[in-house]
């Protein structure tokens, strides 16, 4: 019967190109490496290498078995990592729910680092509106939620502030509102507003409908697309708005009481129904550091 060690030496010889190079990499005697490969060939009754002029070359059967050997070794490594994680109480899964417009490049960088740090943890990343994210955490369907905060204290979950996000009132350059040097509430109320509303028909406290005419969308990306079409005015995050403004698809409305846009708090909800393991603690620390670096 062959062993994992024999498969590892076989793969190393293939990667290094010779028995001597493999021996140096494995810090073993060359004779031991050669003997291990020979024993593997005996165990499976297959010639893996030709040895003309003492240079090992894979046989056809060796070529066929090499990717399978690599796969077996990868699975063994995954198994060992999983056993180690169970010993250290590392979470098997972490579910993260995020308000769709808070999915920034910076946040994705945080998640990339988490993937490298915890390769055996399964991450489930969901996007939804703030209200739907909160419900996912409340119903224990998510461990962590990243949302816009309304200042309300929640007794059934933990919360901490991450930072701030700026929202801008935008409109298509061809829209009648775009011709005004200063826009007042009375002007906004006479034109169609595209309002962000969750799947449960809840509106964000800082962007609720004030106009006499409405369209609704449950994502800020859709708000931006509709505004670009001249359908109405909308309030969207500056990170989403600024590229479209630079491209001439949108312009920022000079709203009298919000000339610099609207700042709102972003925060993190944490379920109390799940134990805090190393993965969750590392994620929360990374999120706080990431948002602190933006201030």
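Rule-based calculations on the coordinates, nothing more; no lab input. Everything quoted here is computed from the prediction, not taken from an experiment. Note: ideal-geometry Cβ built from the backbone for every residue, glycine included; neighbour counts use all protein chains shown.
Taking the Cβ of each residue in 281, 258 as the centre, tally the other Cβ atoms inside 10 Å and list the residues starting with the fewest.
Least crowded to most crowded, the residues run 281, 258.
Spin-label model, residue 221 to residue 289: label points 7 Å out along the Cα-to-beta-carbon direction sit 2.9 nm apart. With the simple spin-label model, which puts each label point 7 Å out from Cα in the Cβ direction, the residue 273 to residue 60 separation comes to 5.9 nm. When the label point is put 7 Å from the Cα of residue 161 along its Cα-to-beta-carbon vector, which residues of the stretch 93-117 have a backbone N closer than 20 Å? Flagged as within label range: 99, 102.
Within the stretch 127-284, antiparallel bridges make up roughly 80 percent of the DSSP beta bridges whose residues both belong there. Based solely on its DSSP helices, what 222 nm [θ] is calculated for the chain when runs of n ≥ 4 H residues each add -39,500 (n - 2.57) and the sum is averaged over all residues, nearest 500 deg cm²/dmol? Only helices count here, giving -13500 deg cm²/dmol. Computed from the C-beta positions of residue 179 and residue 205, the FRET efficiency with R₀ = 51 Å rounds to 0.95.
Entry note, the stretch 164-264: relative contact order of 46 percent, from Cα contacts under 8 Å with a spacing of 6+ residues.
Please work out the Cα center distance from the stretch 13-44 to the stretch 162-225, rounded to the nearest Å. Each part's Cα centre sits 68 Å from the other's.
Within the chain, DSSP assigns beta bridges of which about 60% are antiparallel (rounded to the nearest 5). Compared with the direct C-alpha span, the chain from residue 18 to residue 4 gains 3.1 nm at full extension, assuming 0.36 nm per residue.
Computed from the Cβ-Cβ distance with R0 of 45 Å, the FRET efficiency linking residue 122 to residue 213 stands at 0.50. Using a cutoff of 8 angstrom between alpha carbon atoms and counting only pairs six or more residues apart, the relative contact order for the chain works out to 20 percent.
Return one quarter of the surface area of the convex hull spanned by the alpha-carbon atoms of the stretch 175-295, equal to its mean projected area, in nm². With the hull built on Cα positions only, its mean projection is 9.6 nm².
For 18, 172, 273, 198, the sequence from fewest to most other C-beta atoms within 10 Å is 273, 18, 198, 172. Counting every other Cβ atom within 10 Å of each residue's Cβ, 263, 136 order from fewest to most as 263, 136.
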